[in-house]
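Take a look at the structure below.
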Amino acid sequence: MHLHEHDENNAPNQAKTQKPSDPNAHLARGVEGAQPPLEQEGAHLGPRHTVAAGLYSIYETAHFGIKEMGMDRSLQALLKLNQKDGFDCPSCAWPDPDGERKTAEFCENGAKAVASEATTKRLTPEVFAQHPIPELIKQSDVHFEELGRITHPMLRRKGSDYYEPISWEQAFDLVGQELRSLDSPNQAVFYTSGRASNEAAFMYGLFARQFGTNNLPDCSNMCHESSGTGLSEVIGFGKATVRIEDFALADSIFVIGQNPGTCHPRMLTELQKAAHNGCRIVSINPLKESGLIRFKNPQHPFDILGHGTRMACLFLPVRINGDVALLKGIMKEMLEEDRRTGRRVLAWDFIEHHTECFDAFARNIEQESWDRIIENSGVSRDLIRQAAEIAMSSERMICSWAMGVTQHKNGVSNVQSIANFALLRGQIGRRGAGLCPVRGHSNVQGDRTVGIWEKMSPEFLSALGKEFNFSPPEKHGLDTVCTIESMHKGAVKVFVSLGGNFLVSTPDTNYISEAIQKCRLTVQISTKLNRAHLVTGEQALILPCLGRSEQDVQASGPQFVTVEDTTGVVHMSRGVLPPASEHLRSEPAIIGGIAQATLKRTTVDWQGLIDNYDRIREHIEHVVPGFTQYNTRVRQPGGFYLPNPPNQGKFRTPSARARFTVHAIPEHHVGNGKLLLTTIRSHDQFNTTIYSENDRYRGISHGRRVVFLNSGDMSRLGIEKDQWVDLISHFETETRRAERFKVVPYDIPQGCAAAYFPETNVLVSIRDVADGSNQPVSKSIVITIEPANSHTPTERLAPQ
Ligand code: SF4
């Protein structure tokens, strides 16, 4: 699976099935990229790096940075990354320290994200002219990364296999014409990825609503919708209740369904500080991830030379989606101990004065049998008892989680079970304690705060209407899943994507590729090429934008943008590098350009907003609570915290109390040779951006088409190490197939399997969604495994 092996020389099967005269014939096969023939060796399994970060991480950071940016640009960019007068990391949403910051305030992944954006490589119109879309689409995602920054607006005309340059004015006119020709504004969808700034997101939401639709899906629909839904119902607030300083004060931190070493690496620094203070870290996850075993902080020379810090003191190897059962077990221990000790364990004063529905919750826990808890969690009674003891002896406890919790049919139940666990000892609303859903993309939380949601509250819509003297549509719009389903029915004609890689990040890859091709126009506002640019509507535009690291100068002078991190801190981000091309425009300028070309009558001074972002922030201040004196406070070094009522012990539920909730243990009908598959990320990727085909924390190199299996399951199913297999998912009566994965025996609970996202998105049905949040179920996919068939490697994935 070396990069050079993904060229046309290795794609005889694809070539046979293509019909060059049909511009979309190649797309079905291309949605997953090229795959190697079976006889190739594929991924290698070697020793795992069980200590996170350390010297190797410093080497990787320097090597990747210099390769992409050169020495000067590397220094210029990285020394301003996550600094108070610099720019925000475009990768994850982990917060920066409130107080003093180090010279190098970033992790390996953050540095790679910046290097990827600030690369000196350029994807010019000449390169596009040399490579038709059917050829490009056969390349790997790593290859797209290496093509560099897109320099000009590009148009794919109807029926053409090529992108060609187009002027900004013509591009805006095309979008405007297509939007205005729709029968209804609801035939357009405006998707947002979590990189967009507050300013761009606010303008985008305003434009969509002035146009007449609430069709504003975002990537949060796929990542933390279950967290927002679950927490809003029980504590009246859908975000984290902690501040970064709380981590160092905690007595225990439960890290649930989360792999911070790979997905939020600087969280390890806070966990390390906590561990040094005597905090006990408990890891609840099907896989024992390196970041939670040991950590060598690259900023501490003694750490690098020594053995690093032992992180989790307790690891609970929960079965995939066994979290409700496990948390019920821990809470059952706590309730029983409370009874034994005469009410000395639970926070009775807090429960009586600040919560509701405790009795029903406690009755349900008492009635749950230990056999069921142990069988469904896969965790022994002894380990459950140990976890309960840690929780019972913690004055201050934090629970953090990510998509291992949310991307299940019962994702909302999982989140609310964590809330129950915290409420038992009143662990919300005091220092060193709280709930922390850790967001995956740098401003996904801020985008939602300023209006990117298909169902913003009536209060928000009314304030927006008042501010701009118009009537925003009240009807809820489409979320991500509903967008894809509507597209597939032909009901969405124009799709605009503010960042992101919609095709690859969404579930049911073949279905979404069919859906997208039914649009009349697809528009991608992007920095680099990705697969979503190659599977398109009849016409497609790529509108290249400035990156976070780049200077943004408008009519009133240099601008900065603002973002919100996981803990609700809003701060500024000011790029330092010259733009990759003189033809790039900022996201606010692109949105404003589209708005001006589309809205013949508007109550918004779009040009004024483009010229001076302070004006956008003034409007946000008037519309969104918590942004008082926005322009002044955001200029203070480090920014400001948004209001966080639960952090102050206030719950904005109808009763003004936090609510205990009752949740059934989910049933998984696996067995009969079936396994439950979770999707995972490698250490060398950020969401859909793949930096290399290595994952050193799991010992994998030179390939990503691997499936991690329990050795007991392998013997039972007659599967051998290094065997090539196909994965077949089962949803209702449907099956889906992902071909050619190499088997890797791994320390994973019996009955469970793991394979990389996004390669396995093809297995997730668009209709397999979480109850209550409509979030795709990408972490509990029922599969069977078959030996790979070397004679029919490609055709089965094609949409029918
Ligand atoms: S932890 Fe996240 S935000 Fe911080 S530098 Fe790393 S990738 Fe960027």
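The values are calculated or read from the model by the stated rules, or taken from the named source; none is laboratory data. If you're wondering where the values come from, they're calculated on a predicted model, not measured in any experiment. Heads up, the Cβs are rebuilt from the backbone with ideal geometry, glycines too, and the neighbour counts pull from every protein chain shown. Ligands, DNA and RNA are stripped out before the accessible areas are found, and what is left, the full protein with its side chains, is counted by its heavy atoms. Shrake-Rupley method; radii C 1.70, N 1.55, O 1.52, S 1.80 Å.
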**OP:** Go through the range 712-759 and name the trypsin sites (Lys or Arg not before Pro) that are in a DSSP coil and have 14 or fewer other Cβ atoms within 10 Å of their Cβ.
**Re:** Lys721
Subject >> Stretch gain in nm, segment Asp371-Gln750, where the contour uses 0.36 nm per residue and the Cα spacing is subtracted >> reply: 134.7 nm
Subject >> the range 103-252 shape via C-alpha gyration tensor axes, a/c threshold 1.5 >> reply: oblate
**OP:** Quickly work out the Arg180-to-Asn277 label distance, labels modelled 7 Å from Cα along the C-beta direction, and quote it in nm with one decimal.
**Re:** 5.9
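Could you tell me whether the range 389-505 comes out rounded, prolate or oblate from its Cα gyration tensor? Rule is a ≥ b ≥ c as square roots of the eigenvalues, rounded for a/c under 1.5, then prolate if a/b exceeds b/c, otherwise oblate. Before the final figure, lay out each step's value.
Working: a/c = 2.69, a/b = 1.73, b/c = 1.56.
Judged from the Cα gyration tensor, the range 389-505 comes out prolate (a/c at least 1.5, a/b above b/c).
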Original post:
Once the Cβ-Cβ distance between Gln551 and Lys455 is put in as r, and R0 is 35 Å, what FRET efficiency do you end up with, to the nearest 0.05?
Top reply: 0.45
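Could you do me a favour and compute the accessible area per residue for the range 642-753, 1.4 Å probe, result in Å²? Don't jump to the answer; show the numbers that get you there.
Numbers: 4300 Å² over 112 residues.
Computed with neighbouring chains in place, this is 38 Å² per residue.
Using the Cα gyration tensor of the range 632-702, with a ≥ b ≥ c the square roots of its eigenvalues, what is the shape: rounded (a/c below 1.5), prolate (a/b larger than b/c) or oblate (neither)? Walk me through the intermediate numbers first.
Working: a/c = 4.77, a/b = 1.27, b/c = 3.75.
It comes out oblate by the Cα gyration axes.
In the range 491-588, which GluC sites (Glu not before Pro) are in a loop and have at most 16 other Cβ atoms within 10 Å, using DSSP for the loop call? It would help to have the intermediate numbers written out before the result.
Values: sites: Glu514, Glu538, Glu550, Glu564, Glu582; in loops: Glu538, Glu582.
Within the range 491-588, the qualifying GluC sites (Glu not before Pro) (loop, at most 16 other Cβ atoms within 10 Å) are Glu582.
Which FRET efficiency, nearest 0.05, do Thr341 and Val662 yield, Cβ-Cβ r, R0 22 Å? Intermediate results must be reported in sequence, preceding the final value.
Numbers: r = 25 Å, r/R0 = 1.11.
In this case the efficiency is close to 0.35.
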**OP:** Percent of Cα-Cα pairs per 20 Å bin, from 0 to the last occupied bin, for the chain, please list those.
**Re:** 17, 52, 29, 2
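Where the only charges are on Cβ atoms (+1 Lys, Arg; -1 Asp, Glu), what is the dipole of the range 429-578 about its Cα centre, to the nearest 20 debye?
160
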Subject >> Straight-distance crosslink candidates among aspartates and glutamates, where the alpha carbon sits under 19 Å from Lys650 and sequence neighbours closer than 8 are dropped >> reply: Glu233, Asp246, Asp349, Glu352, Glu356
**OP:** Rounded to the nearest 500, what is the 222 nm mean residue ellipticity of the chain from helices alone, with -39500 (n - 2.57) per DSSP H run of 4+ residues and division by all residues?
**Re:** -9500 deg cm²/dmol
**OP:** Describe numerically, in nm with one decimal, the distance between label points set 7 Å from Cα along Cα→Cβ at Thr733 and at His63.
**Re:** 5.3
**OP:** Starting from the Cα-Cα distance between Arg716 and Lys288, subtract it from 0.36 nm times their residue separation and give me the gain in nm to one decimal.
**Re:** 151.8 nm
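Over the chain, what is the mean sequence separation of C-alpha contacts under 8 Å (at least six apart), divided by residue count, expressed as relative contact order in percent? Before the final figure, lay out the partial values.
Numbers: 1824 pairs, mean separation 170.9, N = 800.
Averaging sequence separation for qualifying contacts and normalising by length gives 21 percent for the chain.
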Subject >> Given charges at beta-carbon only (K, R positive; D, E negative), |dipole| of the chain in Debye >> reply: 820
**OP:** Between Ser167 and Thr50, take the C-beta separation as r, use R0 = 60 Å, and let me know the FRET efficiency to the nearest 0.05.
**Re:** 0.65
**OP:** May I ask you to give the percent of accessible area on the range 613-699 that is carbon plus sulfur, with a probe radius of 1.4 Å?
**Re:** 47
